[in-house]
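Data block below; observations after.
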Amino acid sequence: MKKILIVCCLLVMGYCVAMAQTLNVQVGNVTYLFPAAQTGEMTYDNATAVTIMGKTFALSEIDAMTIDNTKVANNSVAVSYDGTSATVTVAGNVAQYVTPTVSGAHVSIAQTNTVAVDDDEITYTLSGTTDDGEFALSGSYKCTVSLAGLTLTNPSGAAINITNGKRIQLSAKKNTVNTLTDGTGGSQKACIYSKGQIQLQGNGTLNVVGNTKHAIKSGDYITVKNLTLNITKAVGDGISCEEYFQMKSGSVTISGVGDDGIQCDLGGTASTGETTDHEDEDSGNVYLEDGTLNITVTVAAAKGVKANGDVKVSGGEITIKTTGGGAWDSDDKKTKASSCLSADGNTTISGGTLSLTSTGAGGKGISTDGAFTATGGSLTVKTSGNAVVASSSGTISTVSSSQQLDRYSSNYKSSPKGIKADGAVSISDDAVISVTTTGAGGEGIESKKSVTISGGQVTVNAKDDAINSSYTTSGNGMGDLTISGGYVYARSTGNDGLDANGNCYIKGGLIYAIGASQPEVAIDANSEEQKKLYVTGGTIIAIGGLERGSQLTQSCYSTNSWNKNVWYAITVDNDTFAFKTPSSGGNTLVVSGASQPTLKSGVTVSDGTTIFDGVGVIDPTVSGGSSVSLSSYSADGGGPGGGGWWW
């Protein structure tokens, strides 16, 4: 009977061509669509097989051959899920390269082309609903997987499992909502897994639940563009990839994860660094360029974004929250804590709006093993946890005072910090940074090498040192803190405002520094190791005084009488800056400018530009108040001294 059907179909193909019709060949749940205009000569092999457009069918496997007016899009494969079953439709021009296997709603496709077909790649469009299905794809050439209203759960493995090592575009079609869920019964690496690169894109929505390990995992890089991606659960990372991660646009929300929000590792053993257009790049870098990124992680020592290389932020709206406390790393033999952004390399911010919040013990806004550089963008960091410590056996606890923290060696403690860099910190140009730390041991900005501020606006309120340049080995500028421009507010309620463990150089800028009561000061240098504070320019307001033995090329003036929570105005030449005093601080207030400043207390402030989270106003209109008598400061006498203005 099948032989007769085949012969009849061959006889009418000439008519099909004239009528622009389509030959449908059905094999089980798979239908191949051959446009008559493309079919050409079909070969019929000894009553056992027929070959159409390079695809050979055994007659025994063909269930039906029909002719209709169905329009066929070249290079297309459609997979439709319906409960416990699935159907596959294959365009004739790619039929010879696509071999689907369907078992219930589990669809596996082997793709054999190694080059483009008719100058294009194959697109697989998935739609429908099943709670026991999957889409698996193998091959050796890039392709697109388009989600067009798909709800797919695989209780025994990955929802989408692609072992094709080439680039995969995973796209959610416009105005569609797609939900993928894996089960707990398999050993899959992720709910969505690709051996090759994944380009997540489209103007639709993709929801992902990872019940076994990661939500999304790629053996190569991952990029995000336009897509609305919601990861609501992952036993491991929300997104895990190698080589690099790039967010170009779209919206990504990650929560409910058991490890990091986004983790990017090196694919090989050595980094290529960033390459032109990321061609053949294997850097472990994370690039956040645009779009909206929201990440919440709750596990101890987890990271919002973790890069094996650099973190580079140039745009976008980024909100990251970590709530997990510290943990003991038995392999590295040290305590570890959560951080919103973490880089094994450098961290660079040139644009975007970032809001980073860490509430767990020892938590950090940014932790980078290399340098931290900010030239633009707006960064707000808040940490509220106390320091975390570990016993000799690795038992974790917290401490509520810096004095307790001093009893532990470095590997057995982790302090909360707004920005922590093992390399140099550099802030310039249009960067706007606000850091608040309230827990014990909480430093605002810390570098293990040096801090340089030449522009931008920096506001730090800290429990411990507000801005600290530390060092692990002295010499070659290690531990130096230099301010030559910008607006800098540094307040500590328990230590120094500005603390240099090398030399401290004030060359320009507007600096408002507040230290705790003695022996802490507003601006400190490491005089214990013959380092000094050098003041050669800028405008300075320092509540709590300056380091003893400072070298003051620019004259400084002081008063030992200042009132709390009162607005003051300092005028240097024709420039006026209004500032509100804190509720606590050292006894001495020091001011300095390019010329002898005047100081008024109890003023009324209007107009101007508000900075420093509301406690400073540039170019204000000032009325009322009373003049403050200032005395010359001599560095030889110890105690307070002063600084300068950058405009």
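The values are calculated or read from the model by the stated rules, or taken from the named source; none is laboratory data. Remember, it's a predicted structure, so these values are computed and weren't measured experimentally. Cβ coordinates were reconstructed from backbone atoms using ideal geometry, including for glycine residues, and neighbour counts include every protein chain displayed. Note: areas computed on protein heavy atoms with side chains; ligands, DNA, RNA excluded. Shrake-Rupley method; radii C 1.70, N 1.55, O 1.52, S 1.80 Å.
Summary of computed values
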item	result
Directionally averaged projected area (convex hull, Cα atoms, region 36-171), nm²	9.0
Share of carbon and sulfur in the accessible heavy-atom surface of the chain [1.4 Å probe, %]	43
Estimated 222 nm signal from helices in the chain, with DSSP H stretches of n ≥ 4 weighted -39500 (n - 2.57), rounded to 500	-1000 deg cm²/dmol
Net dipole in debye of region 368-439 [+1 Lys, Arg Cβ; -1 Asp, Glu Cβ; about Cα centre; nearest 20]	320
Region 86-165: mean projected area of Cα convex hull, nm²	5.0
Unit charges on C-beta of K, R, D, E only; dipole of the chain, Debye	1060
Whole-number percent relative contact order across the chain, with pairs defined as alpha carbons under 8 Å at least 6 apart	5
For Val30, distant residues with modelled amide H under 5 Å away	Val88
Nearest 10 degrees, 0 to 90: helix 2-11 Cα axis against the chain principal axis	80
Solvent-accessible surface ranking, highest first, for Ser400, Ser623 at 1.4 angstrom	Ser400, Ser623
Cross-link pairs Lys225/Lys420; Lys189/Lys413; Lys382/Lys600; Lys306/Lys448; Lys336/Lys463 - those with Cα-Cα distance over 24 Å	Lys225/Lys420; Lys189/Lys413; Lys382/Lys600
For region 449-539, size of Cβ-based charge dipole, Lys and Arg +1, Asp and Glu -1, in debye	280
Rough spin-label spacing in nm, given labels placed 7 Å along Cα→Cβ, for Thr536 and Gln518	3.1
Cα-projected label distance for Asp573 with Thr39, points at 7 Å along beta-carbon direction, nm	8.8
Where the chain is the region considered: accessible area per residue in Å², 1.4 Å probe	38
Normalised alpha carbon radius of gyration of the chain [divisor 2.2 N^0.38 Å]	1.26
Peptides 74-81, 235-242 ordered by average Cβ neighbours within 10 Å, highest first	235-242, 74-81
Glu317-Ser583 FRET efficiency (beta carbon distance; Förster radius 30 Å; 0.05 resolution)	0.35
Protection proxy ranking, peptides 193-205, 120-132, 454-466, 558-570, average beta carbon neighbours within 10 Å, highest first	454-466, 193-205, 120-132, 558-570
Cβ-based net charge around Ala159, under 9 Å, with every Lys or Arg adding one and every Asp or Glu removing one	-2
Length gained when the stretch Thr114-Thr473 is fully extended (0.36 nm per residue, less Cα-Cα span)	123.7 nm
Set of aspartates and glutamates with alpha-carbon distance to Lys580 below 19 Å, sequence-local pairs under 8 removed	Asp496, Asp607, Asp613, Asp619
Nearest-0.05 FRET efficiency for Thr353 and Asp619, computed from C-beta distance (R0 30 Å)	0.75
Vicinal HN-Hα couplings computed from phi for region 301-307 (Karplus, 6.51 cos²θ - 1.76 cosθ + 1.60; Hz; Gly/Pro x)	6, 7, 10, x, 10, 10, 10
Stretch gain in nm, segment Asp82-Thr184, where the contour uses 0.36 nm per residue and the Cα spacing is subtracted	34.5 nm
Antiparallel DSSP beta bridges within the chain, percent to nearest 5	30
Full-extension gain in nm, Thr101 to Ala64, via 0.36 nm per residue minus C-alpha separation	11.6 nm
Modelled label reach - Thr292, point 7 Å along Cα→Cβ, region 318-341 residues with backbone N closer than 18 Å	318-321
Table column - 3J(HN,Hα) (Hz), region 460-472, Karplus curve with 6.51, -1.76, 1.60, x for Gly and Pro	10, 10, 9, 6, 9, 4, 6, 10, 10, 9, 9, 6, 9
